[in-house]
Amino acid sequence: MSYTSYFQIIVTCVVIPLLAMGCGEEVDTVDSDEQLMSLARASISQIEGELSLEGLQEPVEVIRDRHGIPHIYAQNTDDLFFAQGYVMAQDRLWQMELWRRWREGRLAEIFGPEAFDYDARTRLMMYRGPFDEREWTSYHAEGERIFTAYANGVNAYIDTHADNLPVEFKLTGIQPGRWTKETVVRRWTGLFFPSAGNDAGDEIRLARSVAELGVEEANRRAAPLPWDDLVVPEGLDVTIVHEDIVAAMRKGEGDPLVPGRLPQLELVEPYTGLVPPDRQAEAPTEEQLLEIGSNNWAVSGALSITGQVMVVNDPHRRLENPSLRYYSHLNAPGWNVIGASEPPFVGVTAGHNDRVAWGYTFAGVDVNDVYVEELHPEQPDMVRWQGGWEPLRVITEEIPVKGEEPRVVVLKYSRHGPVFYEDPDNGVVYAVRSITHEPGTAPYLGCFRMAQAESAEDFFERAMFWKVPTHNLVFGDVEGNIAFQVSALTPDREGWNGRLPVPGDGRYEWQGFREDLPREYNPQRGWVGTANNDSHPPDYTGRPVMFHSSRGVEYSRIERMKQLLQPNRKYTVDDHKRIQLDAYSLRAEADIPSFQGWTSDDAEVERARALVADWNGVLDRDSAGAAVWYRWRGEAEAAAYEPETPADERRPLVEAGLRKTVDRLKGELGEDWSQWRYGRLQKSPFTHLLSDAFSLPAVERSGGFGTIAATSVSFRHILDTEDWDRSVFIITPGQSGQPGSPYYGSLLETWGSDEYLQLAFSREAVEALAGHRLTLSPR
């Protein structure tokens, strides 16, 4: 049964009218699920016919294809982005509301005190302006106009659906907030920056390591790549950098919207009995949160069966329901671009226009620095600066908290940035300077300039406006050019490298921002590609812009990519599919010989050993050998798989690890070894934050961390510049975030089967694939 059919059956059942249910009355699970789905279906947005809206200048046509992608045809820029805002709100308003509250530090208002730390951290670290011309024009010459139109479109949906909002709003009584152009560019910096290398947390940890081990040993263990001789900045006392700082940094960090991190939202009458506490959405495991790893590559015509460029991308982050990403097609005079976007879902962040295609992976550029600010001995809000003293800026704010009086937070800032830790005993405070406090650094919104690129060479210049996140961009054009560019607003540190905290007295200041970022253009090998690896090209002569680590960091994906993208081959779209879905593990290839050439006296251990010894190294969801090896990697001592371990010492470690593995798998998968499948350990969950009734079935997956087919892929696409309509994509679990919609979870089965769908671009292809047609008309 398809996942779409699963929901259709539920919502077409005869249900008990909601208002007939006594307030707080307990109902059985089947009845409550049926009632929830009935309520959800009654809240579905209109996606067929005609709607009249205030704020439009001319009619806009929205054709949703059978995959749920809206193709928006407008006659001017304002209407185009107004319509995108309206359409996004139709499909994702609940997700957008939670995102807005997170970015504004207003989660505790609905979740209660458990969300306070997240709000306090957001308030401290958020960008506070100025929202001026520098901010808006960094994204696009018409950035202010675009974001205003988008916000107006979101608000138009809210206004016209005040009496029939999506089901989550009905159940909780939460009212969606108004959007402004400032909402669209909201951002804050994390101390553990997900796309950056050597973030603030890394600096503090390395400083502690230096204090404990000394400079040389700490640097050897850090194993920077490219190699760098570590130098302790003059004036930094590493002995005062203590563990409490790291603990304080973690407070309020991370994504609060991961299921299980915040309490169940309360339901209002008459729905209070529909979601009992034991049916709250299940939290993902740490393994599921870590199974990530993005890939991108572009091949020239010399390696393509068509003789033209193909661009391939599959970014990986946490799998969510609704999806982190959303596909849309924007068409108006000056605009014709299709692809995926991320919250707040404006524009297209990875895709193609008529002439250029592009994709991204996280690069790991170092864009944060920790400053240790010396406090005045008698005036605790004064810090040293260039031989004198200057005051910290202090802001006092109230944070609304559900069920309590508002809590007051005191936020402090040095000239470098937010003060995240105060240590009066040692006479210092710790502040962080981040590029996200610079104008024009809202994540992904550099995409607007790239959406209008005419060629790969033109793209180079436009890519410099893609400031956050730090990305490896690969791109190609219809003229046959391919290229790669590291993109980030990259601090210029003259005479120091940012790997350790630095004194804030003026000796270690940014000297502007660098333009000599790594890039390649039409390399002789015929392809460019990245996989979150050290992406400095071999001939790069500038100072490193990132420091990865050669110890304990996974580079198997880029090595496997090099194996599969061979010269003198002609690759088809289907070939690129196979590469994206490649589940062969180079780590397993290195480990398998350790399971061969010996036997164990323990019958169960011997059976497990043989499964791995005879296994082909492919993390196939139906493989028992893959299941045993995967769990063994977590149960065995590290020396069992480290290459430096002598063979005679390795075998007993391998055997001991197998004994633990068998015991664990029997607990996880049962006593019947015929049911041991890798996919049972690699289930991708699609839980709904509010109610498990809206959750989608978990999917057993092949691949995993260290393979190109890393499991947490929210979308894949392969873009064919020779014929854009031959491009293919998949997104999971579906385009709509509204339970009961025909596009809610509609692509999960396709994604779970490793299949792709046409990414229609020409008007003819869109018409042939049309599923629903909506006209938005001026009122």
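Observations, loosely collected:
- Evaluation of LEU319 against the conditions (1) buried (at least 24 other Cβ atoms within 10 Å of the Cβ); (2) within 21 Å of ALA463 (Cα to Cα) shows that the sole unmet condition is (2).
- Residue that is surrounded by the most Cβ atoms within 10 Å (Cβ to Cβ) [pool: residues in region 644-691 that are of a type in the set (S, T, N, Q) and under 14 Å from ARG607 (Cα atoms)]: THR661
- If the condition is being in contact with a Pro (Cβ under 6 Å, 6 or more places away or on another chain), crowded, with 18+ Cβ neighbours inside 10 Å and of a type outside the set (A, V, I, L, M), then region 745-779 contributes only GLY745.
- Test for GLY387: is it farther than 30 Å from VAL154 by Cα, touching a Ser or Thr at 6+ places or on another chain (Cβ under 8 Å) and at pLDDT below 95: no
- Between ARG178, ARG186, the distinction of being surrounded by 16 or more Cβ atoms within 10 Å (Cβ to Cβ), within 29 Å of CYS447 (Cα to Cα) and under 26 Å from the mean Cα position of the chain (by Cα) belongs to ARG186 only.
- Residue count for region 722-770, restricted to those that are more than 25 Å from the chain's Cα centre (by Cα), of a type outside the set (Gly, Ala, Ser) and not in a helix (DSSP H, G or I): 5
- Inter-residue pairs, beta-carbon under 6 Å, first farther than 16 Å from HIS717 by Cβ and in region 468-479, second among the basic types (Lys, Arg), 6+ apart: ASP477/ARG355; VAL478/ARG355
- Only one of VAL348, VAL356, VAL383 that is within 29 Å of VAL241 (Cβ to Cβ) and of a type in the set (A, V, I, L, M): VAL383
- Listed by first and then second residue, the pairs with beta-carbon distance under 6 Å, at least 6 apart or on different chains, first residue in region 537-550 and farther than 21 Å from VAL474 by Cβ, second assigned to a loop (DSSP other than H, G, I, E, B), are PHE547/GLY197; PHE547/ASN198; SER549/ALA223; SER550/ALA223.
- All conditions but one from (1) surrounded by 20 or more Cβ atoms within 10 Å (Cβ to Cβ); (2) of a type outside the set (Val, Ile, Thr); (3) touching a Lys or Arg at 6+ places or on another chain (Cβ under 7 Å); (4) at pLDDT 95 or above apply to GLY235; the one that does not is (1).
To keep it simple, each residue is scored yes or no on (1) within 20 Å of GLN675 (Cα to Cα); (2) touching a Lys or Arg at 6+ places or on another chain (Cβ under 9 Å); (3) modelled with pLDDT of 95 or more.
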position: TYR571; (1), (2), (3): no, no, yes
position: ARG578; (1), (2), (3): no, no, yes
position: TYR584; (1), (2), (3): no, yes, yes
position: TRP598; (1), (2), (3): no, yes, yes
position: GLU604; (1), (2), (3): yes, yes, yes
position: ASP614; (1), (2), (3): yes, no, yes
position: VAL628; (1), (2), (3): yes, yes, yes
position: GLU635; (1), (2), (3): no, yes, yes
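- Residue match in region 87-107 (condition: at pLDDT 95 or above and over 29 Å from ARG261 (Cα atoms)): yes
- The one condition from (1) crowded, with 17+ Cβ neighbours inside 10 Å; (2) within 13 Å of PHE81 (Cβ to Cβ) that ARG145 does not meet is (1).
- Residue count for region 338-389, restricted to those that are in a strand (DSSP E or B), among the β-branched types (Val, Ile, Thr) and either surrounded by fewer than 23 Cβ atoms within 10 Å (Cβ to Cβ) or touching a helix residue (DSSP H, G or I) at 6+ places or on another chain (Cβ under 9 Å) (or both): 4
- Verdict on PRO418 being crowded, with 20+ Cβ neighbours inside 10 Å and either of a type in the set (Asp, Glu) or in contact with a Leu (Cβ under 8 Å, 6 or more places away or on another chain) (or both): yes
- Complete set of residues in region 682-705 that are touching a residue at least 60 places away in the same chain (Cβ under 8 Å) and either more than 23 Å from LEU747 (Cβ to Cβ) or of a type in the set (A, V, I, L, M, F, W, C) (or both): PHE686, LEU689, LEU690, ALA693, PHE694, LEU696, PHE705
- Scan region 390-405 for residues that are within 19 Å of PRO113 (Cα to Cα) and either of a type outside the set (Val, Ile, Thr) or in a strand (DSSP E or B) (or both) and the total you get is 9.
- Selection of region 443-465 for residues being crowded, with 24+ Cβ neighbours inside 10 Å, under 23 Å from MET126 (Cα atoms) and in contact with a helix residue (DSSP H, G or I) (Cβ under 7 Å, 6 or more places away or on another chain) yields LEU445, GLY446, PHE448.
- Hits in region 555-581 (condition: in a helix (DSSP H, G or I) and either surrounded by 21 or more Cβ atoms within 10 Å (Cβ to Cβ) or among the aliphatic types (A, V, I, L, M) (or both)): SER556, ARG557, ILE558, ARG560, MET561, LEU564, VAL573, HIS576, ILE579, GLN580
- Verdict on VAL545 being in a loop (DSSP other than H, G, I, E, B), of a type in the set (A, V, I, L, M) and more than 30 Å from SER304 (Cα to Cα): yes
Here is a yes/no grid of residues against (1) more than 30 Å from HIS688 (Cβ to Cβ); (2) among the charged types (D, E, K, R); (3) touching a residue at least 60 places away in the same chain (Cβ under 8 Å):
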residue	(1), (2), (3)
VAL185	no, no, yes
LEU206	yes, no, yes
GLY214	yes, no, no
PRO224	yes, no, yes
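- Cβ separations smaller than 7 Å between residues 6+ apart or across chains give the following pairs from region 508-527 residues that are under 25 Å from GLY307 (Cβ atoms) to residues that are among the aliphatic types (A, V, I, L, M) and assigned to a loop (DSSP other than H, G, I, E, B): TRP527/LEU565.
- Qualifying residue in region 153-160 (condition: among the charged types (D, E, K, R), assigned to a helix (DSSP H, G or I) and more than 20 Å from CYS447 (Cα to Cα)): yes
A quick yes/no check of all residues on (1) of a type in the set (Val, Ile, Thr); (2) outside any loop (DSSP other than H, G, I, E, B); (3) out of contact with any Phe, Trp or Tyr (no Cβ under 7 Å at 6 or more places or on another chain); (4) surrounded by fewer than 24 Cβ atoms within 10 Å (Cβ to Cβ):
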position	(1), (2), (3), (4)
ALA483	no, yes, no, no
GLU494	no, no, yes, yes
ASN497	no, no, yes, yes
ASP505	no, no, no, yes
GLU509	no, no, yes, yes
ASP516	no, no, yes, yes
GLN524	no, no, yes, yes
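- Residue match in region 98-116 (condition: part of a loop (DSSP other than H, G, I, E, B) and of a type in the set (Lys, Arg)): yes
The values are calculated or read from the model by the stated rules, or taken from the named source; none is laboratory data. Please read these numbers as outputs of a predicted model, since none were measured by experiment. Neighbour counts are summed over all protein chains in view; Cβ atoms, including those assigned to glycine, are modelled from backbone coordinates with ideal geometry.
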